[in-house]
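Engineer: To start, I am sharing the structure in question, which I have written as structure tokens.
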Amino acid sequence: MREFILYSRLGRTDSNFRNLHDAGRLDIVYECAVASLFLSHAIRKNTILHTILNGPPNPPLHLKIEGTTLHDVRTDQETWQKILKKVLAGKTHPGISLSKTSFEPLLKAKADVSQIYVLEEGGKDISKIKIGDKPVFVLGDHVGLPKKVERFALRYGEKISLGKQPYLAASCITILNYLLDRK
Ligand SMILES: C[S@@+](CC[C@H](N)C(=O)[O-])C[C@H]1O[C@@H](n2cnc3c(N)ncnc32)[C@H](O)[C@@H]1O
């Protein structure tokens with residue numbers, strides 16, 4: 001199993017929005033969902049994307065998207081806007097769940113059974129690290145991880161870098177999936 005945790009500082013926590021971008025950058029959640037869970041014509045059954053939404057009006061919320069049970073999805077933004085709106089309005093979608101959990105207890109629970117890696121440009125180069133068999137990767141949104149959140153995560157894991165270039169969160173996930181696929 002491989003898991004990604006996206007920390008979304010402003011991602012909206014209700015369904016009251018017109019588009020994903022203006023909903024506290026839920027478009028980043030959409031991009032990360034596609035990057036983490038989709039192969040060409042298939043869904044990665046061994047992958048989970050967690051997003052912690054910290055935007056108004058009801059933060060924090062834990063949005064969990066599981067490859068094993070995810071159904072009725074496509075890769076376009078319009079489809080995901082409908083799905084996210086529906087789930088944030090309290091309705092269900094196969095493979096997607098929403099709960100009132102914050103980042104800290106989620107990470108703590110994961111650290112008991114998995115290896116935690118915090119993605120940051122200034123971390124240890126990934127080529128020098130042996131990634132465990134149950135990795136959990138923590139990523140920030142367009143602003144990056146808040147310092148407090150990063151410090152908390154580093155109590156349980158290590159800081160790793162994909163190089164000096166600042167990539168989009170979704171690009172980081174694509175790179176990580178590629179590297180893990182090649183192992
Ligand atoms: C768009 S970046 C955020 C950029 C933001 N200016 C910052 O300084 O964090 C989103 C997330 O992708 C990850 N990231 C981006 N480039 C990276 C790199 N070269 N190595 C490791 N992680 C990276 C980090 O987790 C970052 O919080």
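Just so it is clear, none of the values below were taken in a lab; they were calculated from the coordinates. A quick note: this is a predicted structure, and the numbers were derived from the prediction, not measured. Virtual Cβ from ideal backbone geometry, glycine too; neighbours counted across all protein chains shown.
Engineer: Could you give the size of the charge dipole of the chain about its Cα centre, using +1 on the Cβ of each K and R and -1 on the Cβ of each D and E, expressed in debye and rounded to the nearest 20?
Structural biologist: On the way: 28 positive and 19 negative charges, 64 e Å.
The calculated dipole for the chain is roughly 300 debye.
Engineer: Let me ask something else. What residue among 145, 26, 106 has the largest mean-square fluctuation in a Gaussian network model of the chain, using Cα springs under 10 Å?
Structural biologist: 106
Engineer: Given a 10 angstrom Cα cut-off, can you work out which residue in 143, 73, 29 is the most mobile in a GNM of the chain?
Structural biologist: Comparing 143, 73, 29 in the GNM, the peak value goes to 143.
Engineer: Separate question: Would you pull out the residues with amide H under 5 Å of residue 159's amide H, same chain only if 5 or more places away, H placed 1.01 Å from N?
Structural biologist: Counting only residues 5 or more places away or on other chains, the set is 118, 124.
Engineer: If you average the sequence gap of Cα pairs under 8 Å that are 6 or more apart and divide by the length of the chain, what percent do you get for the contact order?
Structural biologist: It comes to 25 percent, rounded to a whole number.
Engineer: Pop the C-beta distance of residue 39 and residue 104 into the FRET formula with R0 = 45 Å and round what comes out to the nearest 0.05. Each step should come with its number before you reach the end.
Structural biologist: Details: r = 32 Å, r/R0 = 0.71.
Taking R0 as 45 Å, the efficiency between residue 39 and residue 104 is 0.90.
Engineer: State, to one decimal in nm, how far the label point of residue 174 lies from the label point of residue 97, with both points 7 Å from Cα in the Cβ direction.
Structural biologist: Going from the residue 174 label point to the residue 97 one covers 3.1 nm.
Engineer: Here's a follow-up. What order do you get for 131, 65 when you list them from fewest to most C-beta neighbours inside 10 Å?
Structural biologist: With the sparsest Cβ surroundings first, the list reads 131, 65.
Engineer: Expected output is a single nm value to one decimal: the length gained when fully extending between residue 181 and residue 124, i.e. 0.36 nm times separation in residues minus the C-alpha distance. What is it?
Structural biologist: Gain on extension, residue 181 to residue 124, equals 18.5 nm.
Engineer: Given 4 °C and 1.567 mPa s, compute D for the stretch 18-59 with the Stokes-Einstein relation, Rh being the Kirkwood radius over Cα pairs; round to the nearest whole µm²/s.
Structural biologist: Details: Rh = 11.6 Å.
Answer from the Stokes-Einstein relation: 112 µm²/s.
Engineer: Looking only at 77, 115, 165, which one moves most when the chain is put into a Gaussian network model with springs between Cα atoms under 10 Å?
Structural biologist: Of the options given, 165 has the highest mean-square fluctuation.
Engineer: Moving to a separate point now. Got a sec? How would 164, 86 order by Cβ neighbour count within 10 Å, fewest to most? Spell out each step's value before the answer.
Structural biologist: Numbers: 164 8, 86 14.
Arranged by neighbour count, lowest to highest, 164, 86 become 164, 86.
Engineer: Taking the alpha-carbon set of the chain, what are its Rg and Dmax in Å?
Structural biologist: Looking at the chain, its Cα Rg and Dmax stand at 15.3, 44 Å.
Engineer: Please work out whether the stretch 42-122 counts as rounded, prolate or oblate from its C-alpha gyration tensor, where a ≥ b ≥ c are the square roots of the eigenvalues and a/c under 1.5 means rounded, while otherwise a/b larger than b/c means prolate and anything else oblate? Display every interim value, and only then the final one.
Structural biologist: Values: a/c = 1.75, a/b = 1.28, b/c = 1.36.
It is oblate, given that a/c is not under 1.5 and a/b is not larger than b/c.
Engineer: May I ask you to sort 151, 12 by Cβ crowding, counting other Cβ atoms within 10 Å and putting the fewest first?
Structural biologist: Values: 151 11, 12 26.
Listing 151, 12 from fewest to most nearby Cβ atoms yields 151, 12.
Engineer: Along its three principal axes, how long is the stretch 84-183 when you only count alpha carbons? Whole Å, largest extent first please.
Structural biologist: Answer, in whole Å and largest first: 43, 29, 27 Å.
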